[in-house]
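> Here it is, the structure, as structure tokens.
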Amino acid sequence: MLALVTTPNGSAPVELRDVPEPAPTANEAVVEVHAFSLNRGELRLIQIRPEGWRPGQDISGVVVLAASDGTGPTVGTRVVALTDNAGWAQRAAVPAHRMAVLADNVRFEEAAALPVAGLTALRTLRHGAPLLGKRVLVTGAAGGVGHMAVQIAVRSGAHVTAVVGSPERGRHLRGAETIVHDIDEAEGRFGLILEAAGGASLSAAIARIEAKGTIVIFGNSSGEPTSINFRDFAEHPNARIQSFSYFTSEAEERFAPDLALLASLVAEGSLKVALVESSWRDLARIGPELRDRNVAGKAVFRVEQS
Ligand SMILES: NC(=O)c1ccc[n+]([C@@H]2O[C@H](COP(=O)([O-])OP(=O)(O)OC[C@H]3O[C@@H](n4cnc5c(N)ncnc54)[C@H](OP(=O)(O)O)[C@@H]3O)[C@@H](O)[C@H]2O)c1
């Protein structure tokens, strides 16, 4: 079968190569991959991993071999799944508890956008629960995580202010009450702030958090450090800065129900995933577009089986 593998010394960071078929363990099913998505964190991984490494976490497709221990979906089921790696391939082995069944009205391309970015959006928002009536600020709202976080927060009853880099970047955004083009333009205080730009953006977030509010930091897209002083919290007493990692934030057995929840939001129409869709043969062209903030929402790739 074909798979994308890292080629640090090649003309592109990954290339399609013939690789062995997956060898599933007892609790793994084999999925024929129809689509996958690319995350900002994976852009870095494919630059630093050694020759021949197999990337890929977010996949969707059809189960072609069920897990031999009898758990998980049966052959022929359409699924979305989260793999550790090796997902950018025509077939991938996935633990049965890290996949969820797709309704017929959810396209593979939409589903493939969900695992890393959707789980991050959903689980960072849980740090602000209950969201009903709460003021929520989302930085990087044009991006993969941000545009889903805005919609899930709105669906949960929050009043959302979204930070996007420009009016053009905000064109695909749905549901935000207020859109600003710099966090410094965001007015008032917020009970929950999702922050992944870092640097000046995190400093500005601290200046906007309510007393006892929570800032969830889950990335550093700007690469800038932030200096923090206890006095910064003088007008925001007992506010909390919560670090977040999607993979370990909740128990392993929560992956399937959370993926199912995200897929159900897409099926019911309350989560619209903005997509830039291409063939997996175009990954080397689209990667720089994501790096340079030219992708609205998620970059997803169709996997041709022949
Ligand atoms: N901790 C975790 O578990 C976890 C999980 C998933 C993602 N992440 C991290 O969370 C961040 C967002 O992920 P994503 O998938 O949504 O990425 P993305 O699609 O590339 O979106 C990033 C957004 O950040 C904004 N941004 C602001 N300042 C930026 C800068 N200096 N450089 C680049 N972007 C900047 C951009 O919006 P504008 O162009 O509109 O300003 C962009 O839309 C990334 O840092 C990623 O590595 C962490």
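Laboratory data are not the source of any read-out in this text; all were calculated from the coordinates shown. Here the structure is a predicted model, which means the values were calculated and not measured. Note that each Cβ is placed from the backbone with ideal geometry, even for glycine, and that neighbours are counted across all protein chains shown.
> Determine whether residue 58 is buried (at least 22 other Cβ atoms within 10 Å of the Cβ), under 19 Å from the mean Cα position of the chain (by Cα) and not β-branched (Val, Ile, Thr).
For residue 58, the condition - buried (at least 22 other Cβ atoms within 10 Å of the Cβ), under 19 Å from the mean Cα position of the chain (by Cα) and not β-branched (Val, Ile, Thr) - is met.
> Here's something else I'd like to know. Please indicate, with yes or no, whether at least one residue in segment 118-139 is assigned to a loop (DSSP other than H, G, I, E, B), near the ligand (Cβ under 8 Å from one of its atoms) and either surrounded by fewer than 22 Cβ atoms within 10 Å (Cβ to Cβ) or not basic (Lys, Arg) (or both).
Yes.
> Among residues belonging to segment 267-295 that are assigned to a strand (DSSP E or B) and of a type outside the set (A, V, I, L, M, F, W, C), point out the one that is farthest from the ligand (Cβ to nearest atom).
279
> Moving to a separate point now. Regarding residue 200, is this residue buried (at least 22 other Cβ atoms within 10 Å of the Cβ) and within 11 Å of the ligand (Cβ to nearest atom)?
Judged against the criteria, residue 200 is not a match.
> Which of the residues spanning segment 173-189 are surrounded by 15 or more Cβ atoms within 10 Å (Cβ to Cβ) and touching a residue at least 24 places away in the same chain (Cβ under 8 Å)?
Answer for segment 173-189, where residues must be surrounded by 15 or more Cβ atoms within 10 Å (Cβ to Cβ) and touching a residue at least 24 places away in the same chain (Cβ under 8 Å): 173, 175, 176, 179, 183, 186, 189.
> Looking at (1) without any contact (Cβ under 8 Å) to a residue 60 or more places away in the chain; (2) part of a helix (DSSP H, G or I); (3) not aromatic (Phe, Trp, Tyr), can you tell me which one residue 264 breaks?
Exception for residue 264: condition (1).
> Which one of these is part of a loop (DSSP other than H, G, I, E, B), more than 13 Å from the ligand (Cβ to nearest atom) and aliphatic (A, V, I, L, M): 241, 193, 215, 228?
Within the list 241, 193, 215, 228, the selection yields 228.
> Turning to a different aspect of this structure: One residue is enough: does segment 296-303 have a residue meeting the conditions more than 14 Å from the chain's Cα centre (by Cα), within 25 Å of residue 193 (Cβ to Cβ) and either assigned to a loop (DSSP other than H, G, I, E, B) or not basic (Lys, Arg) (or both)?
No, because not a single residue in segment 296-303 is more than 14 Å from the chain's Cα centre (by Cα), within 25 Å of residue 193 (Cβ to Cβ) and either assigned to a loop (DSSP other than H, G, I, E, B) or not basic (Lys, Arg) (or both).
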